[in-house]
2 protein chains.
Amino acid sequence: MLQLTRDGEYAVRALVYLASQPDGKISLISEISETQEVPKSYLSKIMQHLVRSGLVKSRRGAKGGFVLARPAHQITLRQTIEAMEGPIHLNVCLIKKGECHRDDLCPVHPVWRDAQSKLIEVLDSKTMADLVRDAEKLQRTGNKTEARRVEVK
Amino acid sequence: MLQLTRDGEYAVRALVYLASQPDGKISLISEISETQEVPKSYLSKIMQHLVRSGLVKSRRGAKGGFVLARPAHQITLRQTIEAMEGPIHLNVCLIKKGECHRDDLCPVHPVWRDAQSKLIEVLDSKTMADLVRDAEKLQRTGNKTEARRVEVK
DNA sequence: AGCATTAAGACTAAATTCATCTTAATTGTC
DNA sequence: GACAATTAAGATGAATTTAGTCTTAATGCT
């Protein structure tokens, strides 16, 4: 299906949370789980994955926890999603040259390539730092929807 | 996963094939299956689905088969894909207002909305008639890539 | 009547999704 | 050094989706 998995969604939530914390602050699984509404033991596996893919650093033992592995403005939405789901390919024919041997004659292939690059462009253009800033803005305007915000004020 | 299912891919192949046939020509499952490289009995289920969603008309019995239900330029890629997979929602939070109660405070939501509308725009802009024309062009240039075709002509 | 063909849907195997649970390993603190 | 807190690792499992096959019924031509 053309839909993000829970893995991807939860990873984004976790990273946005980490990015919103003061510099150097270590966050716990339970803390992220509660604020971001992600099942705790599921989140644990996701964090593991994010550590292995180099977006997050963990420390074991008492006073352990998780921190971003690099500044929030150097982590994009795309990187986060691909850390969980692997490279984005909107259709199997885009996985690699030759994956689909109808490639050269298939008129649909270029359309998928176009769609995919537009999607990726959007996901590349948002960093965790951007998202934290956006979240703060949303909070200041007090839970109004975008549309209403425009009309009312 | 952010990936088209086989259902969607095969439906597109079938419709492109039907669109490429002379006006009024009735096509058989076996014919579509062989030229488009789709398992025959699987294709049968897909055609059923396309009939029910109104993109294709079928006739039973001897001399029966399938025809487009309307002109090829009135069937878009998006319609074809949504006929098989249902409405496109890149993330569950886009299914409907209120699906995700974090909506108003979630900074990621607008990004998904943006990405989705760009994807849909691409899929809306290609009709089966366009694709048949593109396929003919590809065949004339003898398996060259798009990029090269642009240079040459 | 008989044959060709689609319609409908039951059935299945494999993969993916979305988790939970248990146990081991690690580390700071007392 | 013992202990408590915490993450790491991975086994396990239920539900759903995916991808496909197969069978039987219905239909329409000849």
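The values are calculated or read from the model by the stated rules, or taken from the named source; none is laboratory data. The structure displayed is predicted, hence computed values, not measured ones. Backbone-built Cβ (ideal geometry, glycine too); neighbour counts: all protein chains shown. Quick note on the areas: whole protein, heavy atoms, side chains included, nothing else; ligands and nucleic acids left out. Shrake-Rupley method; radii C 1.70, N 1.55, O 1.52, S 1.80 Å.
Structure notes:
Per-residue answers, yes or no, for (1) open to solvent by less than 50 Å² (accessible area, probe 1.4 Å); (2) closer than 30 Å to A:T80 by Cβ; (3) in contact (Cβ under 8 Å) with a residue 60 or more places away in the chain:
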residue: B:L4; (1), (2), (3): yes, yes, yes
residue: B:A14; (1), (2), (3): yes, no, no
residue: B:Q21; (1), (2), (3): yes, no, no
residue: B:E31; (1), (2), (3): yes, no, no
residue: B:E37; (1), (2), (3): no, no, no
residue: B:K45; (1), (2), (3): no, no, no
residue: B:H49; (1), (2), (3): no, no, no
residue: B:G54; (1), (2), (3): yes, no, no
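- Scope the range A:92-116; condition under 18 Å from B:T141 (Cβ atoms), of a type in the set (A, V, I, L, M) and not in a loop (DSSP other than H, G, I, E, B); matching residues: A:L105, A:V111
- Subset of the range A:130-153 [at pLDDT below 85 and part of a helix (DSSP H, G or I)]: A:E146, A:A147, A:R148, A:R149, A:V150, A:E151, A:V152
- Failed condition for B:T127, given (1) among the polar types (S, T, N, Q); (2) modelled with pLDDT under 85; (3) within 26 Å of B:R6 (Cβ to Cβ): (2)
- Restricting attention to the range A:15-50, the residues that are away from DNA strand C (no atom under 13 Å from the Cβ) and in contact with a Phe, Trp or Tyr (Cβ under 9 Å, 6 or more places away or on another chain) total 7.
- Residue in the range A:93-116 that is open to solvent by 20 Å² or more (accessible area, probe 1.4 Å), more than 9 Å from chain B (Cβ to nearest Cβ) and in contact with a Gly (Cβ under 9 Å, 6 or more places away or on another chain) present: no
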